[in-house]
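The values are calculated or read from the model by the stated rules, or taken from the named source; none is laboratory data. These numbers were taken from a predicted model, which means no experiment stands behind them. For neighbour counting, all protein chains shown are included, and Cβ atoms are generated from backbone atoms with ideal geometry for every residue, glycine included.
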Amino acid sequence: MKMITKTSDYSIAAFEYAGMVSFSYMKRSGLALKFGIIKMGQPVKRVASVPLDYCSQQINKLGKVFKRKNEIEERLIAIDDKLERIIRRLADIEKSGVVVAEKQKSAKEKKQIIEKKQINAGNMMFFKAIADENIQLRHQQEGNQ
Amino acid sequence: MKEKKILNIGIDLGTSRSVIVCDNGIRQAIPSFIGYPKDAVSLKLLGEMVYGEDAIRHRLSVKLYRPFDKGVLLQDISDKKGEAHLKSTAIARALLRKLVAYAFEEEEDDKLLLRGVIGAPALATQNNKKDFLEIADGVLDDVMIASEPFCVAYGMNALNSALIVDIGAGTTDLCRMHGTIPGPDDQITTFKAGDYVDQVFLELIENKYKEANFTVNMIKRFKEENASVSEHGEQLFIELPIKGKPTSCDVTNELREACHAIVPDIVEGIRKLVATFDPEFQDGLKQNVILAGGGSRMIGLHKEIENYMKKTLGYGKVTRVEDSLYAGANGALMLCKDMPDEYWDELKKRK
């Protein structure tokens, strides 16, 4: 029994030793192969990496674009807010009776509108009375000064 | 030289609230309060000046000013040298500047010509109106003053056969419109308005809850949210500190009574304006009484005035403007926009 146990121990040790030796051979040959390939591949790598580097640069730039996405979203939200405010104000203006221009007018037409207000003739006496009163007020103010 | 873009502005500088409406769509109302920091600490915390709600919120750390009283610039009779007048003008100008700054909120072009119409109380004196011009100096490029109830009527296109009742904080202005510019005989101003309601409400609560500790500001806010003269309204409770403990106090009757306190004077004013009008057109006035101003938001007020009118005048139809707070400023803006350029130019020549 003792002999059988010893025989099995020796055989296991021999097997382990064989394994370690073969691993060592493989590692050393692998390293030798690696150095060889690196030495041979260096000039090839230098040439071949140019297009790859370019690609990676482009990918990095694309990444930056995605980073900017947040900023763009913030800007879009701000524009949305602004639009909402404008819509609200337009509603206010319409409610208060101020007419919103139906279509974009040409620059010439716009100029004409600026030059000549459409005045309700019936209200002219009100305007004149208010303007006269204010002119009088200015006179008095000047007199005091 | 590039022509300046004209920005038309309607302004209502009120005792309690100041309102601005511009033709670029900006509308803003702020409480007519300005606060100056009391010491270096509050100066660092709040800056040189605080306005409106901020001023009220920080009232313990600022000197709080209300530049207008009874619709016009605060006057001090004992002020012989005019220092108080100068100070009030400067404060009111700061308030106006703040209001006008809202107009630039969305404007990219800073080369604007600011043209404004400011509403003044119905019976403001020439001096009161000159004060408004002085306030606007250096803030607006062109300015005109117009009667506040007239602005309301103009904004609603009710220039004929209408009786405007503009209930503010300091004054209630009544004005009959009969197709011409209203003269002094067409207008009545009473000083029973929003502030008077606050005062009556304060006294009534003080009488009922003797141990309660509160200020007029606390009850003012409550009044603004719940003011009613209706008998069928819900019960109203306000939380007031009694010996430091917040206690719910029933103020239903007190608030109704306080709100009711301004009604007899308004109806008496309406009666006078109707009674002194051409008899053939009196019915037209009675049929078209229009309530405007912050005070007109009291629930049931128009019905109450109608009932009083039935008793005293036999008939009355009262309506309330939809946008009561902005009605005066809206009308002033429309007046500013419609005013022919030659009148603005003429005014500029006199400057």
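For the condition modelled with pLDDT under 80 and out of contact with any strand residue (DSSP E or B) (no Cβ under 8 Å at 6 or more places or on another chain), B:Asp39 does not qualify. Can you name the residue in the range B:21-48 that is among the β-branched types (Val, Ile, Thr) and within 13 Å of chain A (Cβ to nearest Cβ) and is also surrounded by the most Cβ atoms within 10 Å (Cβ to Cβ) among such residues? This residue is B:Val21. Restricting the first member to the range B:222-238 and to residues that are among the polar types (S, T, N, Q) and assigned to a helix (DSSP H, G or I), and the second to residues that are at pLDDT 80 or above and surrounded by 20 or more Cβ atoms within 10 Å (Cβ to Cβ), the beta-carbon pairs closer than 7 Å and six or more apart or on different chains are B:Asn226/B:Leu255. The residue of the range B:161-181 that is farthest from A:His139 (Cα to Cα), among those that are touching a residue at least 12 places away in the same chain (Cβ under 8 Å) and facing chain A (nearest Cβ under 10 Å), is B:Gly179.
Of all helices (runs of 4 or more DSSP H) completely enclosed by the range B:247-300, which ones contain at least 1 residues that are over 20 Å from B:Leu204 (Cα atoms) and out of contact with any Ser or Thr (no Cβ under 7 Å at 6 or more places or on another chain)?
Filter on the range B:247-300 gives B:263-275, B:282-286.
Number of residues in the range B:137-159 that are buried (at least 24 other Cβ atoms within 10 Å of the Cβ) and more than 11 Å from every other protein chain (Cβ to nearest Cβ): the value is 3. Scan the range B:316-333 and give yes if some residue there is more than 14 Å from chain A (Cβ to nearest Cβ) and outside any strand (DSSP E or B), otherwise no. So far as the range B:316-333 goes, yes, one or more of its residues are more than 14 Å from chain A (Cβ to nearest Cβ) and outside any strand (DSSP E or B). Among the residues of the range B:186-197, are any surrounded by fewer than 18 Cβ atoms within 10 Å (Cβ to Cβ), at pLDDT 85 or above, on the phi > 0 side of the Ramachandran plot and in a loop (DSSP other than H, G, I, E, B)? The answer is no, given that none of the residues of the range B:186-197 is surrounded by fewer than 18 Cβ atoms within 10 Å (Cβ to Cβ), at pLDDT 85 or above, on the phi > 0 side of the Ramachandran plot and in a loop (DSSP other than H, G, I, E, B).
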